[in-house]
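Since the structure comes first, as structure tokens, the remarks are kept for the end.
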Amino acid sequence: MKAPIFTGAATAIVTPFCAGDIDAGAFTRLIEMQYAGGVTAIVVCGTTGEAATLTRKEHELLYRLTAEQCAGRMKVICGVGSNDTAKALDHARLAADAGADGVLMVTPYYNKSTQTGLVEHFTYVADRVDIPVIVYNVPSRTGVGVAPETYAVLAGHPNINGVKEAGGDIAAFARAMALCGGGLNFYSGNDSDTVAMMALGAKGVISVASNIVPDVVSRLCALCSQGDYPAAAAWQARYQALFDILFCEVNPIPVKTAMGLLGRCAADMRLPLVPMGEGHAAELAACLEAYGLLY
């Protein structure tokens with residue numbers, strides 16, 4: 001059994017921009033809001049953080065800002081994924097130097113890979129850094145998914161610690177859990193899958209919704225950890241409309257728009273992301289108001 005880097009709710013945090021640059025002040029305020037909401041880890045420079053549009057220097061800045069602001073109060077997981085294995089290793093080393101507790105590596109996108117290639121990709125980085133690796137599986141965005149049997153191979157590596165599973169296939173996840181036998185710590189990569197996956201043994205969630213409602217997501221994970229799945233299911237049902245609307249357009253357009261509506265940071269995004277469509281924006285505002293979030 002490998003000790004998990006974190007349990008409970010981790011936030012895949014947005015990257016706030018101001019006039020095209022990273023808004024460091026807003027970013028540190030967002031981290032404090034997450035801490036106050038009971039979140040146990042911050043995942044920086046992931047999909048929700050628009051990592052694909054960030055320069056190497058910006059990655060390094062965000063890694064260091066996160067580690068300094070979390071200051072041991074929350075775990076720090078740095079997104080380092082790339083379809084270039086050498087680039088992923090370079091970013092992983094930057095994360096380690098910044099004081100991260102772990103790195104998150106997405107499967108290679110566009111050029112993709114075979115399952116053998118996936119094993120070699122993750123192993124190459126895990127062999128060369130001394131902080132643990134979390135594999136990120138999101139085939140809807142990358143075009144390649146990790147098979148349960150591949151997870152079983154990766155579980156044998158001492159420095160590959162966990163998986164952010166966003167494939168949406170609960171049966172495949174259950175098979176992976178059975179094959180790995182405790183060799184990997186799984187986390188839900190979709191807010192809507194948290195209860196089902198924690199019931200099957202996942203350790204928590206890497207959440208988009210917790211950018212908006214960290215206390216809600218933290219409580220959801222706590223109820224699951226306590227084994228009170230009826231209460232957890234009821235709690236998720238209560239907030240399902242919010243979870244759904246945050247994915248009515250490609251992430252992070254809705255959550256970034258919500259952050260702007262709530263005055264937490266500018267809704268600015270980098271191309272190719274564009275402002276939310278008017279119809280969806282109106283629905284999002286109505287949803288936030290219905291939950292008493294928009295005053």
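The values are calculated or read from the model by the stated rules, or taken from the named source; none is laboratory data. All values derive from a computational prediction rather than experimental measurement. No Cβ is skipped: glycine too gets one built from the backbone with ideal geometry, and neighbour counts run over all protein chains shown. To get the accessible areas, we keep the full protein, side chains included, count just its heavy atoms, and leave off ligands, DNA and RNA. Shrake-Rupley method; radii C 1.70, N 1.55, O 1.52, S 1.80 Å.
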Per its Cα gyration tensor (rounded if a/c is under 1.5, else prolate when a/b beats b/c, else oblate), the stretch 183-228 is best filed as oblate
For the stretch 174-224, what is the accessible area per residue in Å² when the probe is 1.4 Å? 26 Å²
Using the Cα centre of the chain as the reference point, and only Cβ charges (+1 on K/R, -1 on D/E), how large is the resulting charge dipole? Debye, rounded to the nearest 20. 400 debye
Tell me the net charge near ALA266. Cut-off is 15 Å between Cβ atoms, ALA266 excluded, with +1 for each Lys or Arg and -1 for each Asp or Glu. 0
The chain, relative contact order in percent, only Cα pairs under 8 angstrom and at least six apart counted: 19 percent
Amide proton proximity set for GLY8, modelled H, under 5 Å, gap of 5+: GLY204, VAL205
If you roll a 1.4 Å probe over the heavy atoms of the protein chains, what accessible area per residue do you get for the stretch 1-147, in Å²? 39 Å²
Under a crude label model (7 Å from the Cα following the beta-carbon direction), how far is GLU68 from ASP127 in nanometres? 3.6 nm
Computed FRET efficiency, Cβ-Cβ of TYR110 and ALA266, R0 30 Å: what is it to the nearest 0.05? 0.55
Efficiency by 1/(1 + (r/R0)^6): what FRET value for LEU293 and ALA178, r their Cβ-Cβ distance, R0 = 51 Å, to the nearest 0.05? 0.85
Karplus-derived 3J(HN,Hα), 6.51/-1.76/1.60, for each residue of the stretch 195-202, Hz, glycine and proline x: 5, 4, 6, 5, 5, 9, x, 5
Residue-wise, which Karplus ³J(HN,Hα) couplings in Hz belong to the stretch 153-162, taking 6.51 cos²θ - 1.76 cosθ + 1.60, θ = phi - 60°, and x for glycine or proline? 5, 4, 4, x, 7, x, 9, 9, 9, x
Under the helix-only model (-39500 (n - 2.57) for each DSSP H run of 4 or more, divided by the residues of the chain), the mean residue ellipticity at 222 nm, to 500 deg cm²/dmol, is -13500 deg cm²/dmol
Heavy-atom accessible area of the chain with neighbours in place, 1.4 angstrom probe: carbon+sulfur share in percent works out to 55 percent
